[in-house]
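A.B. asks: Handing you this structure, nothing more for now.
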Amino acid sequence: MNLFTRMLLAVVLMLPAATKADEGMWLPILLKQLNEADMQANGLKLSADDIYNINASSLKDAVGIFGGGCTFEVISPQGLILTNHHCGYGVIQSHSSVENDILSNGFWAMNKKEELTNPSLTVTFIVRMEDVTEKVLAGIGSDVSEAERAGIIQQRAQELANEAVAGTHYGASVRPFYYGNEYYLFVTETFRDVRLVGAPPSSIGKFGGETDNWKWPRHNADFSLFRVYSGPDGKPAPYSEENIPLKPRHYFPISLKGANENDFTMVYGFPGSTQEYLTSHGVDMIMNSQDPLRIGLRDQRLKVMKRYMASSDKIRIQYASKYARVANGYKKWKGEIRGLKRDSALKKKRAFEVEFMSRVNANPTWKKKYGDLLSQFEALYQQFSSVNYERFYFIESGYSGIEAVSMANRFTKLDKALELKEEEGIQKEVEALRSQIPGIFKDYHAPIDREVSMALLESTREDLSMNQLPDIFEHIRKKYKNDIGRFVEAMFTKSVVTDAGRMEAFLAKPSLKKLKKDPAIMLNTSLRANYFARVQPTYGQMDAQLDSLYRIYMQAQREVFSEKTFYPDANFTLRVTYGKVQGMEPKDGVNYLHYTTLEGVMAKEDPNNSEFYIPEKLKTLYHAKDFGKYGIDGVMPVCFIASNHTSGGNSGSPVINGEGHLIGLNFDRNWEGTMSDINYDVKQCRNISVDLRYVLFIIDKFADAGYLIEEMKLVE
Ligand code: ARG
Ligand code: GLU
């Protein structure tokens with residue numbers, strides 16, 4: 001072993017024996033057993049029971065899932081909830097128009113009657129969770145095939161879920177943890193009447209825009225307020241005037257003491273997905289193939305959108321949400337690659353694998369069970385990388401990149417019905433599509449899609465080999481003299497999916513022949529046929545193989561490194577992560593403080609850049625130092641960072657102090673630390689939160705919605 005390998009090993013072996021603050025996303029029901037002592041040693045004044053309890057109210061009753069992928073917390077006895085501005089963004093945008101642009105101007109319901117309803121928005125609480133590993137895995141031996149195993153598990157999971165909710169209005173699901181080594185049941189309660197109460201203007205909620213996204217220091221108040229309503233009986237109900245504000249089992253008091261350096265903090269929420277236990281081959285594939293591909297393809301879309309958005313207010317509003325979504329992943333993966341490289345993540349993984357193998361080889365039982373695991377991974381990843389590349393090509397270009405393709409896909413059922421000449425089915429589909437027209441075209445600008453289609457189809461032809469290309473390229477060769485430009489022109493001047501008028505006209509007289517010849521429909525059909533015939537089967541099969549290898553590898557890691565406590569990867573289930581309010585050293589000679597202030601907001605002002613525009617009223621309040629009880633010593637705190645291990649999905653999560661009071665609203669991570677989904681390093685990784693005092697200041701002083709403060713409980 002050379003000196004270098006030994007040094008790397010030394011790093012790996014410094015892994016602590018027990019759990020510690022910062023790294024880890026822990027299951028609330030296991031806190032008592034795994035984390036309580038450590039959390040209390042780090043400053044938690046509560047017990048594990050105060051955080052999660054099914055017999056008495058606990059913090060978990062004030063936390064839930066907002067919409068499709070964010071977290072929220074309850075902050076008043078009248079069902080008032082807090083989440084991020086970027087989580088409410090789609091909803092806020094849906095109420096916006098050029099005439100009434102609440103995205104730009106903000107929105108404040110001055111009483112309950114003024115709140116705005118959102119038919120498709122839901123929030124979900126966790127009623128309880130339970131370890132059902134034994135019930136799910138009982139009797140499944142190593143002789144059972146993977147397919148059989150999956151079948152048995154699925155059936156048992158379904159039975160357990162059904163049993164858990166019988167006779168109630170709850171929902172339930174059983175989810176795998178540690179790559180299928182453990183299973184947990186979640187019983188949930190979903191409310192369907194959720195109304196928009198308040199949102200700051202984007203110039204405050206999204207101040208710094210895409211430039212500041214994923215970065216520290218940060219200066220925005222990324223929050224929005226909603227109110228959950230129940231039926232008169234307290235149970236979930238669809239919107240109705242009869243509904244009443246939810247009476248929560250718990251709501252968070254808000255501390256005005258703020259986030260001071262080294263304070264204990266925990267974040268309670270729903271991190272979406274992490275991959276902390278990948279092999280070196282997996283990390284290699286992500287940082288050297290998958291991320292660069294996705295970044296490159298998104299870059300092309302973003303450039304086009306940006307140019308058009310700068311040219312008109314209408315387009316800016318139409319594409320605001322789409323742009324933010326595409327840009328967010330794009331930038332995150334850029335940070336991820338950079339962080340993995342800088343932190344020598346691959347070398348660390350390899351050193352870990354060397355140590356793993358040396359322990360395995362020293363133990364005959366392990367050697368027999370786990371001896372060739374890593375070489376199996378290596379062989380599998382060699383093939384998997386290329387199919388993974390093709391899969392992401394399809395996802396980033398055809399499937400989500402070209403809007404006309406998704407629009408064309410809406411015609412699949414009509415196409416079928418026309419083929420089968422089912423009059424009733426045809427009528428039904430025509431009606432369905434007709435009703436979608438306003439929704440589809442409200443936020444669609446065909447020239448953007450046209451340029452994006454052009455760019456993505458050109459790239460596809462360049463990057464994929466002949467045998468990987470969908471047959472539409474053959475069609476383009478034959479029918480359009482191999483000129484993608486001419487094909488795209490046809491798509492945007494003739495296709496029935498790229499123009500509302502042509503769509504209307506087609507639906508008035510639907511014809512199978514026309515549909516089959518439609519360029520956008522043909523493109524969609526060809527991309528999907530290619531994907532489902534060539535890519536998906538191989539991908540699915542190899543992915544299942546990887547899954548089962550990872551299941552064994554996970555079990556092996558826990559067995560072989562028994563001195564270490566492993567936390568399960570994020571899977572959008574409720575987790576607790578804890579750490580400290582803490583600055584960091586992003587690079588040699590540079591220190592990040594743990595907080596920012598309103599002064600920093602003012603310093604970033606740029607009248608020539610809409611991302612850094614500051615509303616007059618905020619400037620006035622700043623100059624008058626009119627911070628109410630939310631400032632300290634003439635300074636208005638804005639954001640802070642802490643060493644809580646969070647991920648996407650933790651947006652909107654409560655940041656809680658040792659007393660169980662709310663001090664922050666989680667909304668991001670730092671650029672240096674976005675690699676934490678794969679490689680957490682406390683020296684580089686921080687979560688970014690808005691200081692709750694800044695949130696209150698904006699509500700009270702900026703928006704004059706002080707009546708909302710009155711329903712909260714402030715701890716001074
Ligand atoms: N990066 C944060 C997250 O992953 C915030 C995204 C929204 N903000 C933005 N400027 N696009 O979701
Ligand atoms: N902004 C992220 C979200 O939407 C949270 C930040 C992160 O990924 O850590 O969930």
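The values are calculated or read from the model by the stated rules, or taken from the named source; none is laboratory data. What you see is a predicted model; the values in this text were computed from it and never measured. Ideal geometry is used to build each Cβ from the backbone, glycine not excepted, and the neighbour counts take in all protein chains shown.
A.B. asks: Would you check if there is a residue in region 388-397 being away from ligand 1 (no atom under 16 Å from the Cβ), farther than 28 Å from Tyr553 by Cβ, surrounded by fewer than 18 Cβ atoms within 10 Å (Cβ to Cβ) and within 21 Å of the chain's Cα centre (by Cα)?
C.D. replies: no
A.B. asks: Out of the residues in region 468-480 that are touching a residue at least 12 places away in the same chain (Cβ under 8 Å) and part of a loop (DSSP other than H, G, I, E, B), state the one that is surrounded by the fewest Cβ atoms within 10 Å (Cβ to Cβ).
C.D. replies: Applying the filter and picking the extreme gives Asp471.
A.B. asks: Looking only at region 673-688, how many residues end up being within 14 Å of ligand 1 (Cβ to nearest atom), of a type in the set (S, T, N, Q) and either assigned to a loop (DSSP other than H, G, I, E, B) or more than 30 Å from Lys349 (Cβ to Cβ) (or both)?
C.D. replies: Residues in region 673-688 being within 14 Å of ligand 1 (Cβ to nearest atom), of a type in the set (S, T, N, Q) and either assigned to a loop (DSSP other than H, G, I, E, B) or more than 30 Å from Lys349 (Cβ to Cβ) (or both): 0 in total.
A.B. asks: Shifting gears a bit: Determine which single condition Gly106 fails, assuming it passes every other condition in (1) buried (at least 22 other Cβ atoms within 10 Å of the Cβ); (2) farther than 20 Å from Arg192 by Cα; (3) touching a Lys or Arg at 6+ places or on another chain (Cβ under 7 Å).
C.D. replies: (3)
A.B. asks: Filter region 437-456 for residues that are closer than 16 Å to Gly90 by Cα and in a helix (DSSP H, G or I) and give the result. Steps first, answer last, please.
C.D. replies: First pass over region 437-456, keeping only residues closer than 16 Å to Gly90 by Cα: 439-444.
If the condition is that a residue be closer than 16 Å to Gly90 by Cα and in a helix (DSSP H, G or I), then Gly439, Ile440, Phe441, Lys442 are the ones that fit.
A.B. asks: So Pro245 fits all but one of (1) surrounded by fewer than 22 Cβ atoms within 10 Å (Cβ to Cβ); (2) free of Cβ contacts under 8 Å to residues at least 60 places away in the same chain; (3) touching a helix residue (DSSP H, G or I) at 6+ places or on another chain (Cβ under 9 Å); what number is the exception?
C.D. replies: Pro245 satisfies every listed condition except (2).
Each row is one residue, and each column tells you yes or no for (1) surrounded by fewer than 13 Cβ atoms within 10 Å (Cβ to Cβ); (2) touching a residue at least 12 places away in the same chain (Cβ under 8 Å); (3) within 29 Å of the chain's Cα centre (by Cα).
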position	(1), (2), (3)
Thr365	yes, no, no
Lys369	no, yes, no
Tyr381	no, yes, yes
Ser400	no, no, yes
Arg410	no, yes, yes
Lys413	no, yes, no
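A.B. asks: On the basis of being more than 10 Å from ligand 1 (Cβ to nearest atom) and aromatic (Phe, Trp, Tyr), does Phe226 make the cut?
C.D. replies: Values: more than 10 Å from ligand 1 (Cβ to nearest atom): yes; aromatic (Phe, Trp, Tyr): yes.
Yes: the conditions hold for Phe226.
A.B. asks: Which residue, of Thr265, Thr274, Thr279, is under 20 Å from the mean Cα position of the chain (by Cα) and either over 30 Å from Val601 (Cβ atoms) or not aromatic (Phe, Trp, Tyr) (or both)? Break it down into steps so the answer makes sense when it comes.
C.D. replies: Numbers: Thr265 fails: under 20 Å from the mean Cα position of the chain (by Cα); Thr279 fails: under 20 Å from the mean Cα position of the chain (by Cα).
Just a single option satisfies the conditions, and that option is Thr274.
A.B. asks: Additional query: Provide a single number: the residues in region 327-352 that are more than 12 Å from ligand 1 (Cβ to nearest atom) and surrounded by fewer than 17 Cβ atoms within 10 Å (Cβ to Cβ).
C.D. replies: Qualifying residue count for the region: 5.
A.B. asks: Looking only at region 512-530, count how many residues are under 32 Å from the mean Cα position of the chain (by Cα), closer than 14 Å to Ser406 by Cα and not hydrophobic (A, V, I, L, M, F, W, C).
C.D. replies: So the count comes out to 4.
A.B. asks: Which of the strands (runs of 3 or more DSSP E) found entirely inside region 560-671 contain at least 3 residues meeting this: within 16 Å of ligand 2 (Cβ to nearest atom)? Full working, then the answer.
C.D. replies: Numbers: elements: 575-580, 584-587, 590-592, 595-597, 637-642, 654-656, 662-669.
Filter on region 560-671 gives 575-580, 637-642, 662-669.
A.B. asks: Run down Val581, Val635 and say which single residue is over 20 Å from Arg669 (Cα atoms), surrounded by 13 or more Cβ atoms within 10 Å (Cβ to Cβ) and at pLDDT 95 or above. Break it down into steps so the answer makes sense when it comes.
C.D. replies: On the way: Val581 fails: over 20 Å from Arg669 (Cα atoms).
Being over 20 Å from Arg669 (Cα atoms), surrounded by 13 or more Cβ atoms within 10 Å (Cβ to Cβ) and at pLDDT 95 or above holds for just one of Val581, Val635, which is Val635.
A.B. asks: Give the residues of region 324-351 that are more than 15 Å from ligand 2 (Cβ to nearest atom) and hydroxyl-bearing (Ser, Thr, Tyr), sorted by residue number. Reasoning before the result, please.
C.D. replies: Pass one, region 324-351, residues more than 15 Å from ligand 2 (Cβ to nearest atom): 337-338, 340-351.
Result: Ser344, single match.
A.B. asks: Please determine whether any residue of region 54-66 is of a type in the set (Gly, Ala, Ser), away from ligand 2 (no atom under 16 Å from the Cβ), over 30 Å from Lys442 (Cα atoms) and surrounded by fewer than 17 Cβ atoms within 10 Å (Cβ to Cβ). Full working, then the answer.
C.D. replies: We begin by selecting, within region 54-66, every residue of a type in the set (Gly, Ala, Ser); these are 56-58, 62, 64.
With the extra rule that they be away from ligand 2 (no atom under 16 Å from the Cβ), the set shrinks to 56-58, 62.
Restricting the remaining residues to those that are over 30 Å from Lys442 (Cα atoms) gives 56-58, 62.
Retained after the next criterion (residues that are surrounded by fewer than 17 Cβ atoms within 10 Å (Cβ to Cβ)): 56-57.
The answer is yes; a qualifying residue exists.
A.B. asks: If only one of Asp61, Asp49 is part of a helix (DSSP H, G or I) and over 22 Å from Leu665 (Cβ atoms), which one is it?
C.D. replies: Values: Asp61 fails: over 22 Å from Leu665 (Cβ atoms).
Among Asp61, Asp49, only Asp49 is part of a helix (DSSP H, G or I) and over 22 Å from Leu665 (Cβ atoms).
Quick grid of which residues meet (1) over 30 Å from Glu716 (Cβ atoms); (2) in contact with a Ser or Thr (Cβ under 9 Å, 6 or more places away or on another chain); (3) within 16 Å of ligand 2 (Cβ to nearest atom):
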{"site": "Gly234", "(1), (2), (3)": "yes, no, no"}
{"site": "Lys247", "(1), (2), (3)": "no, yes, no"}
{"site": "Ala259", "(1), (2), (3)": "no, yes, no"}
{"site": "Phe270", "(1), (2), (3)": "yes, yes, yes"}
{"site": "Leu278", "(1), (2), (3)": "yes, no, no"}
{"site": "Asp284", "(1), (2), (3)": "yes, yes, no"}
{"site": "Gly296", "(1), (2), (3)": "yes, yes, no"}
{"site": "Lys306", "(1), (2), (3)": "yes, no, no"}
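A.B. asks: Before we move on, is Lys322 among the charged types (D, E, K, R), within 30 Å of Ser202 (Cβ to Cβ) and at pLDDT below 95?
C.D. replies: Values: among the charged types (D, E, K, R): yes; within 30 Å of Ser202 (Cβ to Cβ): yes; at pLDDT below 95: yes.
For Lys322, the condition - among the charged types (D, E, K, R), within 30 Å of Ser202 (Cβ to Cβ) and at pLDDT below 95 - is met.
A.B. asks: Within 30 Å of Tyr553 (Cα to Cα), within 18 Å of the chain's Cα centre (by Cα) and outside any loop (DSSP other than H, G, I, E, B): does that describe Gly339?
C.D. replies: Numbers: within 30 Å of Tyr553 (Cα to Cα): yes; within 18 Å of the chain's Cα centre (by Cα): no; outside any loop (DSSP other than H, G, I, E, B): yes.
Here the answer is no, as Gly339 does not meet what is asked.
A.B. asks: Next question. Scan (1) within 13 Å of Leu414 (Cβ to Cβ); (2) without any contact (Cβ under 8 Å) to a residue 40 or more places away in the chain; (3) in contact with a Pro (Cβ under 7 Å, 6 or more places away or on another chain) for the single condition Phe487 breaks and write down its number.
C.D. replies: Result: Phe487 fails condition (1) only.
A.B. asks: Follow-up question, since we're still on this one. From the residues in region 35-45 that are touching a residue at least 60 places away in the same chain (Cβ under 8 Å) and surrounded by fewer than 18 Cβ atoms within 10 Å (Cβ to Cβ), which one is nearest to Met129 (Cα to Cα)? Even if it seems obvious, please write down each step before you answer.
C.D. replies: So the first thing to find is which residues in region 35-45 are touching a residue at least 60 places away in the same chain (Cβ under 8 Å), and the list is 35, 39, 42-45.
With surrounded by fewer than 18 Cβ atoms within 10 Å (Cβ to Cβ) added as a condition, the list becomes 43, 45.
Details: Gly43: 26, Lys45: 24 Å.
Within region 35-45, the match that is nearest to Met129 (Cα to Cα) is Lys45.
A.B. asks: Could you please find all residues in region 126-146 being hydroxyl-bearing (Ser, Thr, Tyr) and either within 21 Å of Thr188 (Cα to Cα) or surrounded by 13 or more Cβ atoms within 10 Å (Cβ to Cβ) (or both)? Can you show your working first?
C.D. replies: Of the residues in region 126-146, the ones hydroxyl-bearing (Ser, Thr, Tyr) are 133, 142, 145.
Matches in region 126-146: Thr133 only.
A.B. asks: Here's something else I'd like to know. On the given criteria, is Arg149 of a type in the set (D, E, K, R), surrounded by 18 or more Cβ atoms within 10 Å (Cβ to Cβ) and either away from ligand 2 (no atom under 16 Å from the Cβ) or under 24 Å from Lys701 (Cβ atoms) (or both)?
C.D. replies: Answer is no for this residue.
A.B. asks: Further question on the same structure: Determine the pairs where a residue that is of a type in the set (Gly, Ala, Ser), located within region 109-132, has a partner that is crowded, with 18+ Cβ neighbours inside 10 Å with Cβ atoms under 7 Å apart, the partner being 6 or more residues away or on another chain.
C.D. replies: Note: pairs meeting the criteria are Ala109/Glu115; Ala109/Val197; Ala109/Gly198.
Here's the yes/no breakdown for (1) free of Cβ contacts under 8 Å to residues at least 40 places away in the same chain; (2) out of contact with any Pro (no Cβ under 9 Å at 6 or more places or on another chain); (3) away from ligand 1 (no atom under 16 Å from the Cβ):
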site: Lys629; (1), (2), (3): no, yes, yes
site: Gly634; (1), (2), (3): yes, yes, yes
site: Thr646; (1), (2), (3): no, no, no
site: Ser653; (1), (2), (3): no, no, no
site: His661; (1), (2), (3): no, no, yes
site: Leu665; (1), (2), (3): no, no, no
site: Trp671; (1), (2), (3): no, no, no
site: Gly706; (1), (2), (3): yes, yes, yes
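A.B. asks: Step by step: first the residues of region 439-467, then only those that are touching a residue at least 24 places away in the same chain (Cβ under 8 Å) and surrounded by fewer than 16 Cβ atoms within 10 Å (Cβ to Cβ), then the one that is farthest from Pro292 (Cα to Cα). Which residue is that? Don't jump to the end; show me each part of the working.
C.D. replies: Start the filter on region 439-467 by keeping residues that are touching a residue at least 24 places away in the same chain (Cβ under 8 Å), which leaves 440-460, 463-464.
Of the ones still in play, those that are also surrounded by fewer than 16 Cβ atoms within 10 Å (Cβ to Cβ) are 442, 447, 458.
Numbers: Lys442: 32, Pro447: 27, Glu458: 18 Å.
So the residue we want is Lys442.
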